[in-house]
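Structure, as structure tokens:
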Amino acid sequence: MPNVKLPDGSVRSYPGPVTVAEIAQSIGAGLARAALAGKVDGRLVDTSFRLESDAEVAIVTERDPEGLEILRHSTAHLLAQAVKELFPEAQVTIGPVIENGFYYDFSYKRPFTPEDLVAIEKRMAEIAKKDLPVERRVMSRDEAVAFFSSIGEKYKAEIIASIPEKETISLYGQGNWVDLCRGPHVPSTGKLRVFKLMRVAGAYWRGDSRNEMLQRIYGTAWAKKEELDAHLRMLEEAEKRDHRRLGTQLDLFHMQEEAPGLVFWHPKGWTIWQQVEQHMRRVYRDNGYLEVRGPQILERRLWERTGHWENFKESMFVTASENRDYAIKPMNCPGHILIYNKGVRSYRDLPLRYGEFGSCHRNEPSGALHGLMRVRGFTQDDGHIFCTEDQILEECVAFTTLLQEVYRDFGFSEIVYRVATRPAKRIGSDEAWEKSEKALVEALQRSSVAFTMAAGEGAFYGPKIEYSLKDGIGRVWQCGTMQVDFSMPGRLGAEYVAADNARRTPVMLHRAIVGSMERFIGILIEHYAGALPLWLAPEQVVVMSITERQAPYAKRVAARLREAGFRALADLRNEKISYKIREHSLQKLPYQLVVGDKEMQAGNVAVRMRGGEDLGAMSLDAFTARLRSEANAR
């Protein structure tokens, strides 16, 4: 006689074994219709799951985050079924949920076309309309291998063959189609109403470039049509804001095949870089950081001592000289410990905060490279704090406050906080991990911010807080981090003399605010759609003459603005003023100054703002004061 405790604290008793679907029905017909899955003692299960003993149960609907994930996972199965019905020779591989949607990889004799996607999506809608029951069954591993081999699905058979022999294999079927899956899934295909196929891309089988190139069909799925429409509008806006397109249009940077994953910064782009870097340098200076600089190449034995060689070597660029192996640094932390070690440190010296605009390189797969957002060479606003255990909490709280201020300076008001805890592959004792995780959680609690936990997603050497910002169209970008490290300082022999004259190992806090400078600038470009605020804009003011008569005056105005510290240029070309205005508007300059005979005689400038607003004529002193006030306000 199972007793079921519901989320509101109430308890319901049932005379015998009961399914999640029956529990939902006993609560109400509306909930039964809305049920997508269940949570039994915190574990997600199908609505067909049968309880035979007491448990805590929650009914999962489309309103729950897990419900949306289940909708997307089930829609991936719907996609695979539609592809098999339309293209029976296609081989089905894997189809996971991803952010905002799903994908499924297929092996097929020819590339899928846009017309194919239209037909597949239509067939998906037809299958969904049939409201086919989705049913789970289990097999032994060998039975499952034999089953998928018998229906010609060699990739599925290969996946199952790699699973340990004694594990139970679960299959999900709908209509005449069956797939390997852990589940859970929606109870029937009729729950899948709002979806759209987006594009086809290439993907190697099991992510290995030595294997066959498969075709990956991406899709998106939502609970409501309004949510799908909003997502598609966001994607359309994101395309307009794409930093790669704007980088070309605004002449900021480029990338080319001779240096894959590396950036060629043009003068205007490098000006943006310098504004970001110099602002962060002021942040370092004003908050007790000492700026340092470490070497680019360090010997392999050092990376072995830190644990990076074992855990990270696939992503490291390596070289050799005079029978010694080296790695180009993928991160700055070991170098900072070596700087710390040069001298005797006392507890009175702690916390000791180092900062570096450190240039790092990581051997990212070519298929993962994406403009400034994913590169092989990048610079971090990196920092490391050496402190005692008692100072961890205070330093983490102070860092969160500092990060919030910096993000506001750059125009980001919404921050998402997440604590990532110990992964399966890690170094250090469980006791140290307990201390680290507890300190990070308490730091965010003291900062009075909401946060989520990400179990198993910490770095191999310590847990971390991930600080993600929301951009102008609602996308979330993880930039900042605070990581507690009890292991690496000891591995490299870092010590300090405690109050009792004992030698102790400091705790190392790894922290970054903007993270990769390249990526952060890409985010800024997309956040502002290229129309950067005055203090960041590579060119802040253009002074345009109407005719050649005003050219000397326009040059003097531009020169005075530059003397005042602003980035100003003079456009003296013999072109119509309307042409000049349009051209500089496309370059998204914050201010345009027009000078004709009237302005020249009065010693004024006619001021236009970036959006086309005409502020009329004003004195150069008044305009300069306006610029200074706006730039200082960030």
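Yes/no per residue for (1) of a type in the set (D, E, K, R); (2) in a strand (DSSP E or B); (3) surrounded by fewer than 16 Cβ atoms within 10 Å (Cβ to Cβ):
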residue: GLU364; (1), (2), (3): yes, no, no
residue: LEU372; (1), (2), (3): no, no, no
residue: PHE378; (1), (2), (3): no, yes, no
residue: ASP382; (1), (2), (3): yes, yes, no
residue: TYR407; (1), (2), (3): no, no, no
residue: GLY411; (1), (2), (3): no, no, no
residue: ARG422; (1), (2), (3): yes, no, no
residue: ILE427; (1), (2), (3): no, no, no
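Close Cβ contacts (under 6 Å, 6 or more residues apart or on different chains) running from residues in segment 200-216 that are within 11 Å of PHE106 (Cα to Cα) and in contact (Cβ under 8 Å) with a residue 24 or more places away in the chain to residues that are in a loop (DSSP other than H, G, I, E, B) and hydrophobic (A, V, I, L, M, F, W, C) comprise VAL200/PHE112; GLN215/PHE112. Scanning segment 162-175 for residues that are outside any loop (DSSP other than H, G, I, E, B) and at pLDDT 90 or above yields a count of 5.
Criterion first (among the small types (Gly, Ala, Ser), crowded, with 16+ Cβ neighbours inside 10 Å, closer than 30 Å to ASN632 by Cα and more than 20 Å from the chain's Cα centre (by Cα)) does ALA443 satisfy it? Write out each step before concluding.
Values: among the small types (Gly, Ala, Ser): yes; crowded, with 16+ Cβ neighbours inside 10 Å: yes; closer than 30 Å to ASN632 by Cα: no; more than 20 Å from the chain's Cα centre (by Cα): yes.
It is false that ALA443 is among the small types (Gly, Ala, Ser), crowded, with 16+ Cβ neighbours inside 10 Å, closer than 30 Å to ASN632 by Cα and more than 20 Å from the chain's Cα centre (by Cα).
Of the numbered criteria (1) of a type in the set (S, T, N, Q); (2) at pLDDT 90 or above; (3) part of a helix (DSSP H, G or I), the one SER436 fails is (2). Just one of the listed residues (ARG33, ARG12) is surrounded by fewer than 18 Cβ atoms within 10 Å (Cβ to Cβ), out of contact with any Ser or Thr (no Cβ under 6 Å at 6 or more places or on another chain), of a type outside the set (Phe, Trp, Tyr) and assigned to a helix (DSSP H, G or I), namely ARG33. The residues listed here are ARG549, ARG628, ARG560; of these, the one that is closer than 30 Å to GLU405 by Cβ and touching a residue at least 12 places away in the same chain (Cβ under 8 Å) is ARG628. A Cβ distance below 9 Å, combined with a sequence gap of six or more or placement on separate chains, defines the contacts here; from segment 607-623, residues that are touching a residue at least 60 places away in the same chain (Cβ under 8 Å) reach residues that are part of a strand (DSSP E or B) and among the aromatic types (Phe, Trp, Tyr) in the pairs ARG610/TYR591.
For segment 201-221, what are the residues that are in a strand (DSSP E or B), surrounded by 13 or more Cβ atoms within 10 Å (Cβ to Cβ) and of a type outside the set (Lys, Arg)?
Filtering segment 201-221 for residues in a strand (DSSP E or B) gives 201-204, 213-221.
From the residues that got through so far, the ones that are surrounded by 13 or more Cβ atoms within 10 Å (Cβ to Cβ) too are 201, 203-204, 214-221.
Passing the criteria: ALA201, ALA203, TYR204, LEU214, GLN215, ILE217, TYR218, GLY219, THR220, ALA221.
Mind checking which residues of segment 102-117 are in contact (Cβ under 8 Å) with a residue 40 or more places away in the chain and either at positive phi or exposed (fewer than 11 other Cβ atoms within 10 Å of the Cβ) (or both)? The one that is in contact (Cβ under 8 Å) with a residue 40 or more places away in the chain and either at positive phi or exposed (fewer than 11 other Cβ atoms within 10 Å of the Cβ) (or both): PRO111. Just to be sure, is LEU352 closer than 22 Å to MET517 by Cβ, touching a strand residue (DSSP E or B) at 6+ places or on another chain (Cβ under 8 Å) and not aromatic (Phe, Trp, Tyr)? Against the criterion (closer than 22 Å to MET517 by Cβ, touching a strand residue (DSSP E or B) at 6+ places or on another chain (Cβ under 8 Å) and not aromatic (Phe, Trp, Tyr)), LEU352 does not qualify.
Can you pull out the strands (runs of 3 or more DSSP E) entirely within segment 556-634 that have at least 3 residues that are out of contact with any Gly (no Cβ under 8 Å at 6 or more places or on another chain) and closer than 24 Å to LYS268 by Cα? Walk me through it before giving the result.
Details: elements: 568-571, 591-595, 604-609, 614-619.
The qualifying strands (runs of 3 or more DSSP E) are 568-571, 591-595.
Regarding segment 287-299, can at least one residue be identified that is among the β-branched types (Val, Ile, Thr), closer than 24 Å to TYR354 by Cα and surrounded by fewer than 17 Cβ atoms within 10 Å (Cβ to Cβ)? Before you say what the answer is, go through the steps one by one.
Here is the first cut: in segment 287-299, the residues among the β-branched types (Val, Ile, Thr) are 292, 297.
Retained after the next criterion (residues that are closer than 24 Å to TYR354 by Cα): 292, 297.
Going one step further and asking which of them are surrounded by fewer than 17 Cβ atoms within 10 Å (Cβ to Cβ), we end up with 297.
Within segment 287-299, one or more residues are among the β-branched types (Val, Ile, Thr), closer than 24 Å to TYR354 by Cα and surrounded by fewer than 17 Cβ atoms within 10 Å (Cβ to Cβ).
Residue check: is MET316 farther than 20 Å from LYS342 by Cβ, modelled with pLDDT of 95 or more and under 24 Å from the mean Cα position of the chain (by Cα)? So MET316 does not fit the description; no. Tell me, yes or no, whether segment 59-76 has at least one residue that is surrounded by fewer than 16 Cβ atoms within 10 Å (Cβ to Cβ), at pLDDT 95 or above and not in a loop (DSSP other than H, G, I, E, B). No, segment 59-76 contains no residue that is surrounded by fewer than 16 Cβ atoms within 10 Å (Cβ to Cβ), at pLDDT 95 or above and not in a loop (DSSP other than H, G, I, E, B).
Hey, any hits in segment 505-520 for a residue that's among the basic types (Lys, Arg), closer than 30 Å to LYS435 by Cβ and buried (at least 17 other Cβ atoms within 10 Å of the Cβ)?
The first filter runs over segment 505-520 and keeps only residues among the basic types (Lys, Arg), leaving 511, 519.
Pick out the ones that are also closer than 30 Å to LYS435 by Cβ and you get 511.
From what is left, the residues that are buried (at least 17 other Cβ atoms within 10 Å of the Cβ) are 511.
Yes, there is a match, as at least one residue in segment 505-520 is among the basic types (Lys, Arg), closer than 30 Å to LYS435 by Cβ and buried (at least 17 other Cβ atoms within 10 Å of the Cβ).
With respect to the stated conditions, LYS329 fails to be closer than 22 Å to ASP485 by Cα and without any contact (Cβ under 8 Å) to a residue 12 or more places away in the chain.
Take GLU526 and decide whether it is under 30 Å from LYS240 (Cα atoms), among the acidic types (Asp, Glu) and either without any contact (Cβ under 8 Å) to a residue 24 or more places away in the chain or assigned to a helix (DSSP H, G or I) (or both). Spell out how you get there, then give the answer.
On the way: under 30 Å from LYS240 (Cα atoms): yes; among the acidic types (Asp, Glu): yes; either without any contact (Cβ under 8 Å) to a residue 24 or more places away in the chain or assigned to a helix (DSSP H, G or I) (or both): yes.
The answer is yes for GLU526.
The values are calculated or read from the model by the stated rules, or taken from the named source; none is laboratory data. Just so you know, these numbers come straight off a predicted model, no measurement behind them. Note that we place each Cβ from the backbone using ideal geometry, even for glycine, and neighbour counts take in every protein chain shown.
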